[in-house]
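Notes for the one structure printed next.
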Amino acid sequence: QVRVVESGGGLVEPGGSLRLSCTASGNIFEIDAMAWYRQGTGIKRERVAVITYGGVTDYSDSVKGRFTISRNSAKNTVYLQMNSLRPEDTDVYYCLAVASTPGGGKSDDYWGQGTQVTVSS
């Protein structure tokens, strides 16, 4: 199986910065993409940032210019550098790894447990 673990959340004042980390481990053949989501108030999680196998990145409009996603492919790890944080960025942030396993064929989604980010003075 594939395990996804996030870290780096915490409490920060408005205008501050945090860096989240996410590592996928286990029986991985290939990672197609890794992404960060946050729960928000709706039923569907909001995708904050994504980075593909080819290194293409994309961001939601709400974080563009403030957040940066990067990766260490050798470690199956992705980072989310969050700058100029706002109270409305407060949320639980989840990491998603889209990965295939040896002999498994198609890729599946693997989620982490989430890490809390709180922006407050």
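Points worth noting:
- Annotation note: of T57, T52, T101, T41, the sole residue that is farther than 16 Å from G9 by Cβ, open to solvent by less than 40 Å² (accessible area, probe 1.4 Å) and not aliphatic (A, V, I, L, M) is T101.
- Taking first residues from the range 94-111 that are without any contact (Cβ under 8 Å) to a residue 24 or more places away in the chain and partners that are open to solvent by 30 Å² or more (accessible area, probe 1.4 Å) and hydrophobic (A, V, I, L, M, F, W, C), the Cβ contacts under 6 Å between residues at least 6 apart in sequence or on separate chains come to D109/V98.
- Test set (1) without any contact (Cβ under 8 Å) to a residue 24 or more places away in the chain; (2) closer than 21 Å to G16 by Cβ - G40 fails condition number: (1)
- Members of the range 11-25 found to be open to solvent by less than 60 Å² (accessible area, probe 1.4 Å) and over 17 Å from R66 (Cβ atoms), listed by number: S21, C22, T23, A24, S25
The values are calculated or read from the model by the stated rules, or taken from the named source; none is laboratory data. It should be emphasised that the depicted structure is a prediction, and the values quoted were computed from it without experimental measurement. So basically every Cβ, Gly included, is an ideal-geometry build from the backbone, and we count neighbours across all protein chains shown. For the accessible areas, the whole protein counts, side chains as well, though only heavy atoms, and no ligand, DNA or RNA atoms are used. Shrake-Rupley method; radii C 1.70, N 1.55, O 1.52, S 1.80 Å.
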